[in-house]
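J.: What follows is a structure written as structure tokens; I'll ask about it next.
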Amino acid sequence: MFSACTAIARHSLIEAADDTRRPRPDSRDVRIGRGECLGVIASRSPHQIPRRSSARYADQISIIRWWLNRSHKIAIDVNNRREILMHARIVRSGFVVFALGAFLSTASSAYAEMLKFKATMDAAQEVTPNDSKGRGTADLTYDTESKSLTWTITFDGLTGPATAAHFHGPAEPGKNAGVALLIGQKPTSPAKGSAMLTDAQAADLMAGRWYVNVHTAANGGGEIRGQVTK
């Protein structure tokens, strides 16, 4: 056993000093484990060795100890490499999750739109036209992600102060519909505001089925009107 441990250790020493592949010790020696060689060293004591072979024995013990230390360092190095690889996999997995989240967020933002709408108002578009000289415009922005609608309504030339203003729908041009959204009571120009739309309201808005209507005391049903379009 001691000779086998020495043979393995010498072979490892030769390989460490020279990269050329030398013949390995016989298969029985190769199968001997590090633990068995530790047992060999532990079982040998100096008084068991003849004096004339003490120097040779010490040399063999030194070689075996060198081999045991070297194999131990290799085992530690392998474990360290495994830990590094595991850490790299964890970091890589975290990066993939982060990148996927960023991609999904970007994709979501890319699909979100800020849609612009407008309307031009006059008395002729009322279902029962009137002789008002009033005019008006509406500028709207709809955020498809937040479902928020913002607007600015301007008007002038009315027969008197506006008593109310609304978005009405759903209705095609030339037809009346109920109030869909309040713009303001007794609004003054410019009338600005915002509101969150339901899915049904958003669908009517984008389909062009909303109109703006400004009311006065003289024309309670609406003095000027304009269809909201893109």
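J.: Work out, in µm²/s and without decimals, the Stokes-Einstein translational diffusion coefficient of segment 114-227 at 10 °C, 1.306 mPa s, Rh from Kirkwood over C-alpha pairs.
T.: 115 µm²/s
J.: Something else about it: Excluding residues fewer than 8 places away in the same chain, name every one of the lysines whose C-alpha is closer than 29 Å to that of residue 118.
T.: Of all the lysines, those that pass the test against residue 118 - Cα under 29 Å, at least 8 places apart if same chain - are 133, 147, 175, 186, 192, 230.
J.: Could you work out how much longer the chain between residue 144 and residue 200 gets when fully extended? Use 0.36 nm per residue separation minus the Cα distance between them, nm to one decimal.
T.: On the way: separation 56, 0.36 × 56 = 20.16 nm, distance 1.29 nm.
Extending this stretch completely gives an extra 18.9 nm.
J.: Would you mind computing, in nm to one decimal, how far apart the modelled labels at residue 114 and residue 128 are, each placed 7 Å from Cα along Cα→Cβ?
T.: 4.2 nm
The numbers here are math on the coordinates, done by the rules we state, and not lab data. Model, not experiment: these values are computed from the prediction. Quick reminder, even Gly has a Cβ in these numbers, built from the backbone with ideal geometry, and neighbours come from all protein chains shown.
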